[in-house]
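Taking it in order: structure first as structure tokens, then the write-up.
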Amino acid sequence: MEVLLLTLSIFVFFFLLHGLDLYHQRQMPPGPKGLPIIGNLLDIGPKPHESLAKLSKKHGPLMTIRLGSVTSVVTSTPDAAREILQRQDEVCSGRMIPDAVTALENHDKAVLWISANKDWRTIRKALNTYLTHQHKLNTLGGLRQNMVDEMLEFLNQSALKNELVNIGNLAFVVAVNQISNTCFSRNVTNYESEDIGGFKTAVKTLMEVDGKFNVADIFPILKPLDPQNIRRQAKAAYAWLDNVVQGFINERLKHRELKLPRFGDMLDSLLDYSEDNVEDFNLIHIKTLLVDLFIAGAEMSSNTIEWAITELFLNPDMLAIVRKEVSTIVGEDGKIQEVKILDLPYLHTVIKETMRLHLSVPLLAPHKTEKEVKLGEYIVPKSIQILVNVWAMSRDPKYWENPLSFMPERFLKTEVDYKGQHFQFLPFGSGRRMCPGIPLAHRVVSLMGASFIYHFDWKLTHAREDMDMNDIFGLTLLRATPLVANPISIE
Ligand code: HEM
């Protein structure tokens with residue numbers, strides 16, 4: 001009798017659970033029918049943003065996708081994105097931590113990946129005191145200028161030797177050094193092809209593994225096996241970076257103990273902030289944050305520069321306008337002045353148009369629902385991944401005339417910008433998880449892009465019509481074929 005009762009209760013329990021699940025499924029947005037176990041895995045190709053954009057056309061602005069055990073709601077329209085990132089921002093601002101990231105010793109403090117909890121709020125507040133602060137960024141303008149001077153020297157040498165330059169690689173080195181100078185007032189890598197110290201390699205490895213499709217993320221049972229060797233690679237790179245950054249912090253602590261002059265950089269600001277908030281923000285937070293900034297910032301900025309230069313090479317009349325505009329802010333020393341570069345309207349439209357057509361992050365870093373939430377007419381349960389397909393929105397003909405053409409002038413006629421209020425154009429996201437690096441990225445991309453164009457003519461190795469414009473999906477949308485060209489110094 002007891003066994004019968006037990007069996008009956010188990011049956012009733014599972015029946016109710018199933019009923020509840022069906023109830024939730026009924027409330028979720030529609031989506032393509034998937035296969036058992038793998039779900040919609042076969043519907044998603046090597047470029048998920050493109051596959052999802054196609055599927056959304058059929059299933060609607062909010063769509064449910066299941067990959068293994070992970071259910072996601074995908075949005076591909078500005079209205080649905082506004083609902084998620086603005087109206088329901090708080091509930092939708094969680095994050096899923098990829099298995100690769102768990103290789104980072106203190107991943108529960110990593111601003112990029114943790115949910116919007118107390119730690120996250122403290123870190124974002126610390127970033128506000130420095131990274132988004134125009135005045136503080138201005139004070140380090142000299143360091144960024146030095147790096148551009150070094151880059152120009154390298155390009156002059158390449159021009160003299162008639163050597164080809166890999167523009168993406170060069171931009172990556174400059175971007176890494178721009179961040180390291182902003183953080184620690186020092187360069188961490190150089191312009192030669194080999195990677196002195198391994199900093200560049202470690203950052204590149206992490207960008208690659210953190211953005212790679214990992215079967216263990218959708219079948220958590222496989223995590224201990226790490227079948228694609230992703231966590232192991234991430235662990236080695238994280239450990240290396242962690243160690244180097246810890247070394248910089250130790251040096252700085254000694255420097256401060258000896259009461260030597262302050263550097264006034266981000267590390268000084270974060271240490272000050274930590275002294276004022278001992279309970280909430282300690283040296284582990286600082287180390288993890290500094291590692292995160294390299295991963296979040298370097299490739300995004302250099303990738304944007306590489307695409308912008310590619311488009312200008314393809315459009316010589318636009319290149320000529322940029323060059324003329326930049327010439328108006330060259331000082332008597334022949335250098336481009338960073339403070340003035342932010343006001344150049346045409347250069348700014350070229351950067352915006354590059355970000356529209358060649359989005360660095362085609363699907364915003366996945367968000368997650370923190371509790372059940374009503375999105376439009378649907379009810380989405382807690383812990384559902386949310387994918388915002390900003391790539392689809394920035395090419396939607398409903399919002400953009402000739403969306404596949406590179407037309408910077410379109411931004412001269414509109415107020416649309418990337419500050420997160422125009423939902424058809426979200427290269428930096430929107431709402432509380434929006435990128436805090438916009439002011440730094442704006443400076444780095446403008447200054448480096450302008451310097452490439454103003455100081456050099458460039459000779460391509462092939463005809464313009466043969467330029468490969470394909471991209472590869474990862475944490476960022478990279479050029480499939482690196483852009484290489486010969487610099488020719490302009491006297
Ligand atoms: C062109 C350059 C850049 C682009 C296109 C870009 C884009 C983005 C995007 C799309 C996100 C995710 C937003 C979301 O989840 O909704 C993000 C997050 C972030 N970015 Fe950037 N970014 C750039 C440069 C930088 C730089 C230079 C830094 C700092 C050095 C930086 C630091 C961060 C951080 C810390 C986050 C995580 C924010 C959080 O999760 O709370 N980014 N960025």
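The figure for LYS382 is an accessible area of roughly 120 square angstrom, using a 1.4 Å probe on the protein chains alone.
Compared with the dominant principal axis of the Cα atoms in the chain, helix 167-184 is inclined by about 80°.
Accessible surface for the chain, divided over its residues, is 46 Å² per residue with a 1.4 Å probe. Distance between the pseudo-spin-label points of THR481 and ASP108 (7 Å out from Cα toward the beta carbon): 4.9 nm.
When nucleic acids and ligands are ignored and a 1.4 Å probe is applied, VAL165 ends up with an accessible area of around 10 Å².
Here LYS33 is the anchor, and the aspartates and glutamates within straight C-alpha reach of less than 17 Å, apart from those fewer than 8 places off in the same chain, are ASP21, ASP43. Between the Cα long axis of helix 141-160 and the first principal axis of the chain there is an angle of about 70°, rounded to the nearest 10.
Could you please report the charge total around LYS47, scoring K, R as +1 and D, E as -1 over all other residues with beta-carbon less than 12 angstrom from its beta-carbon? Once all neighbours under 12 Å are counted, the net charge is -1. Here each label is just a point 7 Å from Cα along the line to Cβ, and for ASP317 and GLU409 those points are 0.7 nm apart.
A simple spin-label model places pseudo-atoms 7 Å from Cα toward Cβ; at THR461 and ILE218 they are separated by 3.6 nm. Against the main long axis of the alpha-carbon atoms of the chain, helix 345-357 sits at an angle near 30°.
Surface composition of the chain: carbon plus sulfur atoms hold 57% of the accessible area, using a 1.4 angstrom probe and ignoring ligands, DNA and RNA. Please work out whether segment 39-489 counts as rounded, prolate or oblate from its C-alpha gyration tensor, where a ≥ b ≥ c are the square roots of the eigenvalues and a/c under 1.5 means rounded, while otherwise a/b larger than b/c means prolate and anything else oblate? Because a/c hits 1.5 or more and a/b fails to exceed b/c, segment 39-489 counts as oblate.
The values are calculated or read from the model by the stated rules, or taken from the named source; none is laboratory data. What you see is a predicted model, and the numbers here were worked out from it, not measured in a lab. Virtual Cβ from ideal backbone geometry, glycine too; neighbours counted across all protein chains shown. Heads up: the accessible areas ignore ligands, DNA and RNA and are worked out on the full protein's heavy atoms, side chains in. Shrake-Rupley method; radii C 1.70, N 1.55, O 1.52, S 1.80 Å.
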